[in-house]
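Undergrad: Quick one: the structure is below, and I'll ask about it shortly.
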Amino acid sequence: MGRNLDTPVIEKAFSIVGKSIIIVLLALGALLISEKETLLASGFSIFDLTFEVISAFGTVGLSLDVTGHL
């Protein structure tokens with residue numbers, strides 16, 4: 001059962017994961033900068049916003065109702 005993954009396949013997988021993390025962090029940063037006052041006034045935390053961003057990126061469909069207040 002000597003199955004192995006080729007190096008280019010592993011590199012492509014790491015590249016996709018790395019780019020995905022960068023996209024999520026950029027989206028989170030943009031929302032934190034542009035919606036700072038709204039988040040402070042509504043009482044949502046950075047964890048609530050992070051959950052919303054990751055859920056939207058993964059098209060999960062879960063929400064903490066943060067986007068309705070932005």
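Undergrad: Among residues belonging to the stretch 1-48 that are touching a residue at least 12 places away in the same chain (Cβ under 8 Å) and among the acidic types (Asp, Glu), point out the one that is farthest from Asp65 (Cα to Cα).
TA: If we take residues in the stretch 1-48 being touching a residue at least 12 places away in the same chain (Cβ under 8 Å) and among the acidic types (Asp, Glu), then Glu35 is farthest from Asp65 (Cα to Cα).
Undergrad: Identify, from the list Thr7, Thr38, the residue that is β-branched (Val, Ile, Thr), at pLDDT 90 or above and open to solvent by less than 90 Å² (accessible area, probe 1.4 Å). First the steps, then the outcome.
TA: On the way: Thr38 fails: at pLDDT 90 or above.
Testing whether each residue is β-branched (Val, Ile, Thr), at pLDDT 90 or above and open to solvent by less than 90 Å² (accessible area, probe 1.4 Å) leaves just Thr7.
Undergrad: Kindly establish whether Leu25 is surrounded by 10 or more Cβ atoms within 10 Å (Cβ to Cβ) and assigned to a helix (DSSP H, G or I).
TA: Working: surrounded by 10 or more Cβ atoms within 10 Å (Cβ to Cβ): yes; assigned to a helix (DSSP H, G or I): yes.
Considered against the rule, which asks whether it is surrounded by 10 or more Cβ atoms within 10 Å (Cβ to Cβ) and assigned to a helix (DSSP H, G or I), Leu25 comes out as yes.
Undergrad: Those residues that are of a type in the set (Gly, Ala, Ser) and at pLDDT below 90, I need them from the stretch 43-63; list them, please.
TA: First, the residues of the stretch 43-63 that are of a type in the set (Gly, Ala, Ser): 43, 45, 55-56, 58, 61, 63.
Across the stretch 43-63, the qualifying residues are Gly43, Ser45, Gly61, Ser63.
Undergrad: Same structure again: Step by step: first the residues of the stretch 48-70, then only those that are open to solvent by less than 70 Å² (accessible area, probe 1.4 Å) and acidic (Asp, Glu), then the one that is nearest to Glu37 (Cα to Cα). Which residue is that?
TA: Per the stated criteria, the residue is Asp48.
Undergrad: Now, a different point. Looking at (1) open to solvent by 70 Å² or more (accessible area, probe 1.4 Å); (2) part of a loop (DSSP other than H, G, I, E, B), find the lone condition where Ile33 falls short.
TA: Failed condition: (2).
The values are calculated or read from the model by the stated rules, or taken from the named source; none is laboratory data. Nothing here was measured: the structure is a model prediction, and the numbers come from that model. All Cβ positions, even for glycine, are placed from backbone atoms using ideal geometry, and neighbour counts span all protein chains on display. What goes into the accessible areas is simple: the full protein's heavy atoms, side chains included, and nothing from ligands, DNA or RNA. Shrake-Rupley method; radii C 1.70, N 1.55, O 1.52, S 1.80 Å.
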